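The values are calculated or read from the model by the stated rules, or taken from the named source; none is laboratory data. Not measured: the values here are computed from a predicted model. Every residue, glycine as well, gets a Cβ built from its backbone with ideal geometry; the counts of neighbours run over all protein chains shown. Ligands, DNA and RNA are stripped out before the accessible areas are found, and what is left, the full protein with its side chains, is counted by its heavy atoms. Shrake-Rupley method; radii C 1.70, N 1.55, O 1.52, S 1.80 Å.
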Amino acid sequence: MSDTAHFLAFVAASLVLILIPGPSVMFTISRALIYGRRQAVLTAWGNAAGTFCASALAAVGLGALISESAPAFAIVKYAGAAYLVYLGVKALRDRKGLMGPAEDEPAVPKRTLATVSEGFVVGLLNPKSILFFLAILPQFVDPASGSATVQMLVLGGTFAVLAAACDSVWGLVASAARDVFRRPRPKRILANTGGTALIGLGIAAAAGERA
């Protein structure tokens with residue numbers, strides 16, 4: 001990054017992309033509808049950690065292999081899609097545990113590490129993130145300002161933090177809507193909606209084409 005102006009330009013470009021609802025947003029919202037605000041926020045930050053690791057892979061050149069190799073891209077794409085479908089099915093199976101008293105937390109709360117880990121895997125296995133880092137980050141790197149790898153790591157970390165903050169807001173809003181529906185039937189509908197959305201997101205990811 002040559003100066004502050006370039007960094008702010010990257011922040012602006014990142015926000016434009018982050019604020020457009022995509023897989024990470026839909027994943028966080030689904031978690032908010034199924035498990036509530038705490039799980040949604042943990043999911044958002046876990047996803048951001050995975051996204052940062054994806055940027056690190058791109059920074060050291062591994063992302064180039066995925067962008068240039070159709071088989072490698074397909075492996076990442078289908079692994080990510082399969083994981084989303086798995087989480088959606090798991091959410092549908094867990095919905096009976098969410099029908100407890102309205103004032104309580106879900107009867108089957110997810111552990112912090114498990115929630116963060118699931119978000120991490122979704123962020124890491126998102127091939128679109130890797131391709132974004134390969135296409136956008138290099139434009140904001142100035143070789144004369146030092147190591148290109150370090151600069152890309154800084155930019156990737158910035159993107160991840162921005163994504164976590166924005167996705168957390170989406171999750172809090174969705175969880176607030178969830179809290180409005182206190183009775184079992186509406187809660188069951190929301191749980192079904194969240195699980196189905198994850199499955200649909202996985203199918204859409206599998207159907208996506210390489211840029």
Checklist entry - Among Ala91, Ala56, Ala79, which is modelled with pLDDT under 80 and closer than 24 Å to Ala160 by Cβ? => result Ala79
Next on the checklist: Among (1) at pLDDT 85 or above; (2) among the charged types (D, E, K, R); (3) over 16 Å from the mean Cα position of the chain (by Cα), there is one condition Glu68 misses while meeting the rest; what is its number?
Outcome noted: (1)
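Looking at region 21-38, which of its residues are of a type outside the set (Phe, Trp, Tyr) and open to solvent by less than 10 Å² (accessible area, probe 1.4 Å)? Please lay out each step first, then the result.
Looking only at region 21-38, we keep the residues that are of a type outside the set (Phe, Trp, Tyr), and these are 21-26, 28-34, 36-38.
Residues satisfying the conditions are Val25, Thr28, Ser30, Arg31, Ala32, Ile34, Gly36.
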Checklist entry - When residues of region 39-49 are filtered for being surrounded by 24 or more Cβ atoms within 10 Å (Cβ to Cβ) and more than 12 Å from Thr112 (Cβ to Cβ), how many remain? => result 4
Item to check | Phe159 in a helix (DSSP H, G or I), within 25 Å of Thr196 (Cα to Cα), open to solvent by 20 Å² or more (accessible area, probe 1.4 Å) and modelled with pLDDT of 90 or more | outcome: no
Checklist entry - Is it true that Ile199 is over 20 Å from Val89 (Cα atoms), surrounded by 15 or more Cβ atoms within 10 Å (Cβ to Cβ) and either among the hydrophobic types (A, V, I, L, M, F, W, C) or at pLDDT below 65 (or both)? => result no
Next on the checklist: Step by step: first the residues of region 137-156, then only those that are part of a loop (DSSP other than H, G, I, E, B) and surrounded by fewer than 20 Cβ atoms within 10 Å (Cβ to Cβ), then the one that is farthest from the chain's Cα centre (by Cα). Which residue is that?
Outcome noted: Gly146
Checklist outcome for this item: Considering region 106-130, residues that are over 17 Å from Ile29 (Cβ atoms) and of a type outside the set (A, V, I, L, M, F, W, C), and then whichever is modelled with the lowest pLDDT, we arrive at Pro109
